[in-house]
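Colleague: One structure, pasted below without further comment.
The values are calculated or read from the model by the stated rules, or taken from the named source; none is laboratory data. Keep in mind that what you see is a predicted model, and the values were worked out from it rather than measured. The area values use the complete protein model at the heavy-atom level, side chains included, leaving out ligands, DNA and RNA. Shrake-Rupley method; radii C 1.70, N 1.55, O 1.52, S 1.80 Å.
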Amino acid sequence: MQVAAWMLLALNVPGAAIMVKYGLPREVPFVGRHDADPLMGYLGLLLFGSSVAIRVAITATS
């Protein structure tokens, strides 16, 4: 369980920081920006989404 907590922190914080700094592409509904870098935005979304998926999997199996 301790490894999962560190993995959540390692994915969640950089993912959110990348999304804030570079923005999400305009294809993302409601939060997309026209001046965003698509590659970095999707990378941040992938990291943040992975942390959420791990958190859901841990909760579902507990």
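Colleague: Contact order normalised by length for the chain, with contacts defined as Cα pairs under 8 Å and 6 or more residues apart; what percent is it? Don't jump to the answer; show the numbers that get you there.
Modeller: Numbers: 71 pairs, mean separation 23.6, N = 62.
That works out to 38 percent.
Colleague: How far, in degrees from 0 to 90, does helix 2-22 lean away from the longest principal axis of the Cα atoms of the chain, to the nearest 10?
Modeller: On a 0 to 90 degree scale, this one is about 10.
Colleague: Can you give the accessible area of L8 in Å² (nearest 10), computed on protein heavy atoms with a 1.4 Å probe?
Modeller: Rounded to the nearest 10, that gives 30 Å².
Colleague: How much accessible area per residue does the chain have, in Å², with a 1.4 Å probe? Display every interim value, and only then the final one.
Modeller: Numbers: 4480 Å² over 62 residues.
I get 72 Å² per residue for the chain.
Colleague: Which whole-Hz ³J(HN,Hα) couplings does segment 26-38 yield from phi under the Karplus relation 6.51 cos²θ - 1.76 cosθ + 1.60, θ = phi - 60°, glycine and proline marked x?
Modeller: In residue order, the calculated couplings are 5, 5, 7, x, 6, 10, x, 10, 6, 9, 7, 8, x Hz.
Colleague: I would also like to ask the following. So what's Rg/Rh here for the chain, counting alpha carbon atoms and using the Kirkwood radius for Rh? Kindly include the intermediate steps, with their values, before the conclusion.
Modeller: Details: Rg = 13.0 Å, Rh = 12.1 Å.
Value, to two decimals: 1.08.
Colleague: Quick one: pull the percent of accessible area on the chain belonging to carbon and sulfur, 1.4 Å probe, ligands and nucleic acids left out.
Modeller: On the way: 3260 of 4480 Å².
Using a 1.4 Å probe with all protein chains present, the chain comes out at 73 percent carbon and sulfur.
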